[in-house]
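Here the structure is laid out as structure tokens; the discussion comes afterwards.
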Amino acid sequence: MSDTGSEKPFEGQIALVTGASRGIGAATAQALAAAGAHVVLTARDTKALEGVEQAIFEAGGSATIAPVDLIEPDGIARLATAVSQRWGKLDILVINAAILPELTSVTDIDQKAFNKALTTNVLATQALIANFDPLLRKSADARVVGMTTTVAGQPRAFWGAYGATKAAFEVLLDCYGQETAKLSKIRVAIVNPGATRTAMRARAYPGEAPASVKPPEVVADRLVTLLGETFPTGHRETVNQPA
């Protein structure tokens, strides 16, 4: 368990954050680094990852970029091999990367776009779990947090494609948590960030005033706090808008 009384409670721990090039992923990576973790930043956009890495360095933290397209065959396996060879374990896995297909009726879902979302949101999640499970088992306090959405559990018209992929995402994480609960120290939580100021949110709600929803840093701060707590496997929560 992390020493939450310490200024750097995650000192000596290795964290991997997917979708770390912007939004909630970037903010979470920076918050984890500020708490002492060495953060492995992964996403498709190398230049954006370098910007996040630089911000972490300038704040006194440490990070390593690992540009990976999660839909690329064997990309996740190569990433796991690299983490294993360099650090030999993984303490924190934040599964944040996701693709939002076009909002449309179920009858009008574009199969190509739906397949890309399924690959990123579901198949890549299984691959991350499968490839990093051996490294998580080598941690004294392994934690996995998956970022979900309200429409995974509360279906909404025109959100069928995204909601279906995130519902499957949740099932994979829930099952993994149950499978490892009594056989390892791995703990699994699912967090719904709620309405947050991200590029994905702007695409879904183009008429919304960005300032009307909370910034990613609010979610990141809550995630770091949660990761420092002894939450039980199966923990779920929604990050609310600050008062």
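With the helix formula -39500 (n - 2.57) applied to DSSP H stretches of n ≥ 4, the chain reaches a computed 222 nm mean residue ellipticity of -12500 deg cm²/dmol. Shape analysis of the range 157-243 places it in the oblate category; the axes a ≥ b ≥ c from the Cα gyration tensor give an a/c of at least 1.5, with a/b not above b/c.
Among 94, 39, 83, the largest mean-square fluctuation in a Gaussian network model of the chain, built with springs joining Cα atoms closer than 10 Å, belongs to 83.
Put simply, the C-alpha atoms of the range 201-240 give a gyration tensor, and the ellipsoid matching it has half-axes of 27, 11, 7 Å, longest first.
Size descriptors for the range 139-202: radius of gyration and Dmax over Cα atoms are 13.9, 43 Å. Accessible surface calculations at 1.4 Å, restricted to protein heavy atoms, place the range 4-135 at 45 Å² per residue. How much of the calculated P(r) for the range 93-243 lies past 20 Å, in percent of all Cα pairs? Pairs farther apart than 20 Å: 51 percent.
What net charge do the residues around residue 150 carry, taking every other residue with its C-beta under 13 Å from that of residue 150, with Lys and Arg at +1 and Asp and Glu at -1? Within the 13 Å Cβ shell, the charges total +2. Using a Gaussian network model of the chain in which every pair of alpha carbons under 10 angstrom is joined by a spring, one finds that among 12, 23, 88 the greatest mean-square fluctuation is at 12. Determine, at each q value in 0.12, 0.18, 0.19 (inverse angstroms), the log₁₀ of I(q)/I(0) that the Debye formula gives when each Cα of the range 4-127 is one equal point scatterer. The Debye formula, applied to the Cα set alone, gives -0.47, -0.92, -1.00.
Once C-alpha pairs closer than 8 Å and six or more residues apart are averaged by separation and normalised to the residue number of the chain, the relative contact order reads 20 percent. Per residue, the accessible area of the range 152-243 comes to 52 Å² when a 1.4 Å probe rolls over the protein heavy atoms. Roughly to the nearest percent, how much of the accessible area of the chain is carbon and sulfur, given a 1.4 Å probe? Percent of accessible area from carbon and sulfur atoms in the chain: 53.
The values are calculated or read from the model by the stated rules, or taken from the named source; none is laboratory data. In this text the structure is predicted, and so the values were computed from the model without any measurement. With ideal geometry, Cβ positions are generated from the backbone for all residues, glycine too; neighbour counts draw on all protein chains shown. To get the accessible areas, we keep the full protein, side chains included, count just its heavy atoms, and leave off ligands, DNA and RNA. Shrake-Rupley method; radii C 1.70, N 1.55, O 1.52, S 1.80 Å.
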